[in-house]
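Notes for the one structure printed next.
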Amino acid sequence: MPDAESSRPSTQNPLLTLNYDPALERLGDDYYDIVAAAEFPKHILRFRNDDLLRILGLDPQAVSDEDFIEAFGKFQTPPRPLLALRYHGYQFGSYNPGLGDGRGFLYGQVRGADGELYDFGTKGSGTTPYSRGGDGRLTLKGGIREVLAAESLHRMGVRTSRCLSLIETGDQLWRGDEPSPTRSSVMIRMQRSHIRFGTFERLHHYDRKDLIAILLDHAIEQYYPHLANNPDRYSLFYAELVLRVAELAAQWMAAGFCHAVLNTDNMSITGESFDYGPFAFIPTFDPAFTAAYFDYYGRYSYANQPEICRWNLEMLQAPLGRVISQTELDAGLSNFADRYQQTYQQRMLNKLGLPGDSTPDAIELLKTTLQFLKDSQISYPGFFAEITQEFSSTWRYDAAAILASLHIEDDAFNTLFSQWKVQYFNWLLSVPEAEMPAIKARLHQKNPATVPIRPEIEAVWEKITNEDDWSSFYDLCDRIRA
């Protein structure tokens with residue numbers, strides 16, 4: 001995508017004439033600060049998400065690259081004030097009142113073609129009152145990684161934010177965790193809401209029960225409208241949020257995704273996954289896998305994610321306790337474990353081609369699968385990709401044909417693998433032969449052929465760094481979406 005400077009009037013830019021709705025802005029400036037975007041030396045559009053344009057009711061062919069640059073790189077004539085959102089949060093278990101949008105802002109809120117409210121949030125757009133001495137910028141590598149994380153999770157059916165655009169901006173940045181100087185970018189993230197657990201925690205910190213109630217009413221009106229007229233809407237909101245977060249944690253775990261920084265300021269009140277920093281997809285099924293190099297004690301390890309999500313929900317009880325009884329809060333939280341387990345089992349069985357019914361045989365097959373993956377340490381995404389690619393109706397007649405190309409040298413692991421094959425074979429025998437096409441279709445739907453583990457992302461970045469060759473990045477995006 002070439003460097004381009006737009007000379008068209010902003011009134012002709014479809015991105016600037018969307019149905020912007022100042023829903024959060026109407027609540028007043030107790031929740032945000034009005035800020036200005038940084039000015040950048042250059043603007044090169046590196047990624048645009050045409051799928052999201054369709055959700056917004058736009059024909060991708062009617063939106064030029066220059067339109068993206070004008071709106072989301074130069075930030076010319078923004079349709080609404082730019083809002084740096086205020087929030088606090090528990091970071092690695094310790095409360096931090098010094099947070100807030102430090103390198104981003106709420107660009108605007110838009111009604112999509114489906115009538116739903118969506119946020120455009122920036123990352124790397126310059127300093128704000130909450131930058132805490134930082135430069136307010138995003139590395140180009142960080143932007144690339146977030147694009148890949150979001151598109152991968154979306155392909156896997158995870159409730160996630162997505163990147164609308166990524167623009168290289170020409171600044172040279174210095175970072176301690178990657179070779180510097182490094183290239184810079186600004187990203188637009190699209191998701192349902194940027195209201196965080198930490199947004200409520202900040203109001204509790206300042207003893208503003210009135211603002212908690214206002215924000216809660218707003219959240220219910222916009223994102224839980226089916227509860228709006230219920231006299232118990234506050235407690236029902238929390239109970240439903242608990243279920244959404246439990247489902248999200250299960251989605252991550254089945255996808256083999258480690259978020260890495262599950263602080264309460266990275267938890268959305270809509271139960272969406274967002275803000276991908278040092279994330280990683282697990283290469284093998286290692287419960288202790290930790291994605292962030294600075295997570296010294298493994299607080300946010302792969303296996304800890306469900307419990308951390310539950311803990312974050314428990315911390316949210318303090319601000320919500322201003323308007324909801326503790327009995328109601330505890331009742332809502334009590335459903336977390338069951339919903340998590342139910343969702344995780346269903347999604348993992350789906351990855352094996354099963355319909356998700358928790359029959360004793362199905363659960364036993366899942367237990368053997370996880371034990372084999374953990375003990376053998378073969379590729380986690382590769383195992384499910386192999387099942388998907390090799391699945392054949394002949395497996396129903398010959399157990400030895402199941403994953404025949406997968407050879408396990410270690411006798412102990414081979415014994416466990418043989419046990420798994422027999423269990424899978426027996427399950428196939430238990431379903432009608434007419435179900436074979438549905439199993440194959442389910443495998444393809446639930447198991448992408450490509451999951452971007454770290455070496456693949458690093459190879460893409462090396463091409464960009466050394467040769468400014470973006471072909472591998474675009475190829476990887478295409479393969480992820482396939």
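The values are calculated or read from the model by the stated rules, or taken from the named source; none is laboratory data. Since the structure is predicted, the reported quantities are computational estimates derived from the model, not experimental observations. Counting neighbours? That spans all protein chains shown, and the Cβs are built from the backbone with ideal geometry, glycine included.
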Practice problem: Filter the stretch 349-370 for residues that are under 18 Å from Met253 (Cβ atoms), in contact (Cβ under 8 Å) with a residue 40 or more places away in the chain and part of a loop (DSSP other than H, G, I, E, B) and give the result. | Solution: Leu352, Leu354
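Results for (1) within 16 Å of Arg145 (Cα to Cα); (2) in contact (Cβ under 8 Å) with a residue 24 or more places away in the chain; (3) surrounded by fewer than 14 Cβ atoms within 10 Å (Cβ to Cβ); (4) within 29 Å of the chain's Cα centre (by Cα), shown as yes or no for each residue.
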{"residue": "Phe372", "(1), (2), (3), (4)": "no, yes, no, yes"}
{"residue": "Ser379", "(1), (2), (3), (4)": "no, yes, no, yes"}
{"residue": "Phe383", "(1), (2), (3), (4)": "no, no, no, yes"}
{"residue": "Ala399", "(1), (2), (3), (4)": "no, yes, no, no"}
{"residue": "Ile402", "(1), (2), (3), (4)": "no, no, no, no"}
{"residue": "Phe425", "(1), (2), (3), (4)": "no, yes, no, no"}
{"residue": "His444", "(1), (2), (3), (4)": "no, yes, no, yes"}
{"residue": "Ile464", "(1), (2), (3), (4)": "yes, yes, no, yes"}
{"residue": "Cys477", "(1), (2), (3), (4)": "yes, yes, no, yes"}
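Rundown of residues vs (1) more than 21 Å from Arg442 (Cβ to Cβ); (2) modelled with pLDDT under 95; (3) not β-branched (Val, Ile, Thr), yes/no style:
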residue	(1), (2), (3)
Ser379	no, no, yes
Trp395	no, no, yes
Ile402	no, no, no
Asp410	yes, yes, yes
Lys421	no, no, yes
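Which residues, taken from the stretch 256-291, are among the β-branched types (Val, Ile, Thr) and either closer than 24 Å to Gln345 by Cα or not in a loop (DSSP other than H, G, I, E, B) (or both)?
Residues satisfying the conditions are Thr264, Thr270, Ile282, Thr284, Thr290.
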Exercise. Please work out if Ala23 is in contact with a Ser or Thr (Cβ under 9 Å, 6 or more places away or on another chain), at pLDDT 95 or above and part of a loop (DSSP other than H, G, I, E, B).
Key: no
Quiz item: If you take the residues of the stretch 446-462 that are hydrophobic (A, V, I, L, M, F, W, C) and not in a helix (DSSP H, G or I), which of them is surrounded by the most Cβ atoms within 10 Å (Cβ to Cβ)?
Solution: Val451
Exercise. Determine which single condition Ile439 fails, assuming it passes every other condition in (1) part of a helix (DSSP H, G or I); (2) in contact with a Phe, Trp or Tyr (Cβ under 6 Å, 6 or more places away or on another chain).
Key: (2)
Quiz item: Of the residues that make up the stretch 130-141, is at least one touching a helix residue (DSSP H, G or I) at 6+ places or on another chain (Cβ under 6 Å), modelled with pLDDT of 95 or more and surrounded by fewer than 24 Cβ atoms within 10 Å (Cβ to Cβ)?
Solution: yes
Quiz item: Quick check: anything in the stretch 345-362 buried (at least 18 other Cβ atoms within 10 Å of the Cβ) and over 26 Å from Val422 (Cβ atoms)?
Solution: no
Quiz item: Which condition number in (1) under 30 Å from Val245 (Cα atoms); (2) in contact (Cβ under 8 Å) with a residue 12 or more places away in the chain; (3) not assigned by TED's automatic domain parsing to the domain that holds Gln251 is the one that Glu433 fails?
Solution: (1)
Quiz item: Restricting the first residue to the stretch 277-288 and requiring it to be under 21 Å from Ser161 (Cβ atoms), which pairs with a second residue that is among the β-branched types (Val, Ile, Thr) and crowded, with 22+ Cβ neighbours inside 10 Å meet a Cβ separation below 9 Å and a spacing of at least six or different chains?
Solution: Phe281/Val451
Quiz prompt | the stretch 75-101, subset over 30 Å from Gln305 (Cα atoms) and out of contact with any strand residue (DSSP E or B) (no Cβ under 9 Å at 6 or more places or on another chain), residue surrounded by the most Cβ atoms within 10 Å (Cβ to Cβ) | solution = Gln76
Practice problem: Please find, among Glu39, Glu70, the residue that is among the acidic types (Asp, Glu) and surrounded by fewer than 20 Cβ atoms within 10 Å (Cβ to Cβ). | Solution: Glu39
Practice problem: Could you tell me which numbered condition Lys209 fails, if it satisfies all but one of (1) over 22 Å from Ser334 (Cβ atoms); (2) under 28 Å from the mean Cα position of the chain (by Cα)? | Solution: (2)
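Tally the residues that are assigned to a helix (DSSP H, G or I) and either of a type in the set (A, V, I, L, M, F, W, C) or modelled with pLDDT under 95 (or both), restricting the search to the stretch 182-219.
Taking the stretch 182-219 and keeping what is assigned to a helix (DSSP H, G or I), we get 197-205, 209-219.
Still in the running and either of a type in the set (A, V, I, L, M, F, W, C) or modelled with pLDDT under 95 (or both): 197, 200, 203, 211-216, 219.
Summing the residues that are assigned to a helix (DSSP H, G or I) and either of a type in the set (A, V, I, L, M, F, W, C) or modelled with pLDDT under 95 (or both) in the stretch 182-219 gives 10.
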Practice problem: Run Tyr300 past the list (1) in contact with a strand residue (DSSP E or B) (Cβ under 7 Å, 6 or more places away or on another chain); (2) outside any helix (DSSP H, G or I) and report the number of the one that doesn't hold. | Solution: (1)
Quiz item: Given (1) in contact (Cβ under 8 Å) with a residue 12 or more places away in the chain; (2) not in a helix (DSSP H, G or I), where does Asp29 come up short, assuming only one miss?
Solution: (1)
Quiz prompt | Restricting the stretch 147-165 to residues that are in contact with an Asp or Glu (Cβ under 8 Å, 6 or more places away or on another chain) and closer than 17 Å to Tyr474 by Cα, the residue that is surrounded by the most Cβ atoms within 10 Å (Cβ to Cβ) | solution = Cys163
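In the stretch 48-70, which residues are over 24 Å from the mean Cα position of the chain (by Cα) and either within 17 Å of Asp119 (Cα to Cα) or not aliphatic (A, V, I, L, M) (or both)?
Result: Asp59, Gln61, Ser64, Asp65, Glu66, Asp67, Glu70.
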